[in-house]
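Okay, so here's the structure we're looking at.
The values are calculated or read from the model by the stated rules, or taken from the named source; none is laboratory data. Remember, predicted model here, so these are calculated numbers, not experimental data. A quick note on method: Cβ atoms are made from the backbone with ideal geometry, for glycine too, and the neighbour counts reach across all protein chains shown.
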Amino acid sequence: MLYKKFGTDIYQKTNPEYKAYQTDNGKESLAITKNYTVLKQVGDGATSVVVKACRNKDINDSVAIKKVKRVFEHTAFAHRAMRELRLLRCLGNHDNVRLQ
């Protein structure tokens, strides 16, 4: 990923529609579009980082953004990611869950 290879400053200069967010522990960085404002980090684990973000603070339109790390490093990681996406797709008809 270009973001990790060149660092946050160069990444933001080449992609002005994105902004960088550094996780609480400082180990991981996320590139999030400027439409969203990161409110807080919800959690992190061995394979992913989840943050709570808001598109419009006036109407409290909050979303969860998840970055899956090293998804193609092992087939088990890819299978987990696909299983989670399938589960979210099944829940997609629910009022509170929407994939974008």
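Every listed requirement among (1) assigned by TED's automatic domain parsing to the domain that holds residue 16; (2) modelled with pLDDT under 80 is met by residue 98 save one, (1). Taking the listed residues 55, 70, the one that is more than 11 Å from the chain's Cα centre (by Cα), surrounded by 11 or more Cβ atoms within 10 Å (Cβ to Cβ) and closer than 23 Å to residue 84 by Cα is 70, with no other qualifying. Among the residues of the stretch 35-91, those that are hydroxyl-bearing (Ser, Thr, Tyr), within 20 Å of residue 23 (Cβ to Cβ) and either outside the structural domain of residue 17 (by TED's automatic domain parsing) or in a strand (DSSP E or B) (or both) comprise 37, 48, 62.
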